[in-house]
Amino acid sequence: MGNKFIIYILTHYGIICHMEKKKIIIGNWKMNPSSSKEAEKLFSGVAKGFSGVKKTEIVFCPPFIYLESLYRLLKAKRYTLKASLGVQNVSLGDVGPYTGEVSAGMLYGVGAKYAILGHSERRAQGESNGDINKKIKFSLVAGLRPILCVGESVRDEQHGYFNLIKKQVEECLSGISKNSIYKIIIAYEPIWAISSTPDRRDATPDDCREMVIFIRKVLSDKFGKEASRARIIYGGSVNSKNAKDFLQNGGIDGLLVGNASLDVKKFTEIIKICETLNK
Ligand code: PEP
């Protein structure tokens, strides 16, 4: 029996679909740490806790410059079944005259599997839904799995933020085929809850669950039943104290962690919480 036949049977009976929805914990390192040595130390520190992890997918998204050395470490220590690497942006082009840019294909070539796209810190620099849509398409062609960030900066009393999220999801995923939707992760990140936002406030698992249900509806209107294969995760000041509540009550398939992913103890704790809840 060939591999293709086995994959067909597993997919047909929803087994691969289930595997795809494995809970995921993603660390967005942003522009940290300040040296390659420190990046390896941070990665290795978290990796010490990998042995007990079976049901959680772990992703590290470092700055581009650390990718190659971390990928070497990942392979040398045979961590590739436990964890993978992601990037925080890809170029709007493929190859050619894009000074200072790095393409999705190049990043895939040095070990990246995921790409955080449309993060609010990039949108704040002028990245539009149209740009993000192009980046998602380049990423998929290159073999990278997009982590599409969506989120409102304020919650207005008229609930206009639902329309904003709908527009972000629809425009960023315009022209994406139903067959690719299982590769896409949507990260709901309310900007008002992100740790670096001035005067931030806490989002609750209820805030999160309500939006996850809404995003699922937007996805299913657009992609039909295939939409259930996309993972939806939450990000915004997740730490070892609130992770359990979000994972248990937020209706999510995982977490996108910024600040706390730079702390070995805190990030390891979040991974362990996720693993324990999956048992
Ligand atoms: C982020 O900005 O993607 C993020 C989740 O940050 P933090 O966890 O620090 O709020």
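The values are calculated or read from the model by the stated rules, or taken from the named source; none is laboratory data. This structure is a prediction, so every number in the text was calculated from the model and none was measured. When we count neighbours, we look across all protein chains shown, and the Cβ atoms used for this are built from the backbone with ideal geometry, even at glycine.
Quick notes
- Number of the condition not met by residue 157 [criteria: (1) in a loop (DSSP other than H, G, I, E, B); (2) in contact with a Phe, Trp or Tyr (Cβ under 9 Å, 6 or more places away or on another chain)]: (2)
- For the stretch 132-148, the set of residues classified as touching a residue at least 40 places away in the same chain (Cβ under 8 Å) and outside any helix (DSSP H, G or I) consists of 144, 145, 147, listed by residue number.
- Only one of the listed residues (182, 188) is at pLDDT 95 or above, of a type in the set (Phe, Trp, Tyr) and closer than 24 Å to residue 249 by Cβ. That residue is 188.
- Filtering 96, 111, 100, 118 for residues that are within 16 Å of the ligand (Cβ to nearest atom) and at positive phi leaves a single hit, 118.
- Every test in (1) touching a strand residue (DSSP E or B) at 6+ places or on another chain (Cβ under 8 Å); (2) β-branched (Val, Ile, Thr); (3) in a helix (DSSP H, G or I) is passed by residue 276 save one, and that test is (1).
- Close pairs (8 angstrom Cβ cut-off, 6 or more residues apart or separate chains): over 21 Å from residue 88 (Cα atoms) and modelled with pLDDT under 95 in the stretch 250-279, among the small types (Gly, Ala, Ser) and in a helix (DSSP H, G or I) anywhere: none
- Members of the stretch 201-260 found to be within 12 Å of the ligand (Cβ to nearest atom) and part of a helix (DSSP H, G or I), listed by number: 243, 246, 259, 260
- Cβ-Cβ distances below 6 Å connect the following pairs, each with a first residue in the stretch 173-185 that is touching a residue at least 60 places away in the same chain (Cβ under 8 Å), a second residue that is basic (Lys, Arg) and surrounded by 19 or more Cβ atoms within 10 Å (Cβ to Cβ), and a separation of six or more residues or different chains: 182/229; 185/231.
- Picking from residues in the stretch 248-265 that are touching a Pro at 6+ places or on another chain (Cβ under 9 Å) and within 25 Å of residue 87 (Cβ to Cβ), the one that is surrounded by the fewest Cβ atoms within 10 Å (Cβ to Cβ) is 262.
- Residue check for residue 147: within 15 Å of the ligand (Cβ to nearest atom), out of contact with any strand residue (DSSP E or B) (no Cβ under 6 Å at 6 or more places or on another chain) and of a type in the set (Val, Ile, Thr): no
- Annotation: of all residues in the stretch 10-47 being of a type in the set (Phe, Trp, Tyr) and either out of contact with any strand residue (DSSP E or B) (no Cβ under 8 Å at 6 or more places or on another chain) or away from the ligand (no atom under 16 Å from the Cβ) (or both), the one that is modelled with the lowest pLDDT is 13.
- The set of residues in the stretch 248-269 being hydrophobic (A, V, I, L, M, F, W, C) and within 23 Å of residue 120 (Cα to Cα) consists of 252, 255, 256, 257, 260, 262, 267.
- Qualifying residue in the stretch 264-272 (condition: within 15 Å of the ligand (Cβ to nearest atom), acidic (Asp, Glu), touching a helix residue (DSSP H, G or I) at 6+ places or on another chain (Cβ under 9 Å) and not in a helix (DSSP H, G or I)): no
- Some residue of the stretch 212-222 being buried (at least 17 other Cβ atoms within 10 Å of the Cβ), in contact with a Ser or Thr (Cβ under 7 Å, 6 or more places away or on another chain) and over 22 Å from residue 91 (Cα atoms): no
- Residues in the stretch 140-168 that are within 18 Å of residue 236 (Cα to Cα) and within 15 Å of the chain's Cα centre (by Cα): 5 in all.
- Boolean, residue 167 is within 17 Å of residue 58 (Cβ to Cβ), away from the ligand (no atom under 11 Å from the Cβ) and either without any contact (Cβ under 8 Å) to a residue 60 or more places away in the chain or in a strand (DSSP E or B) (or both): no
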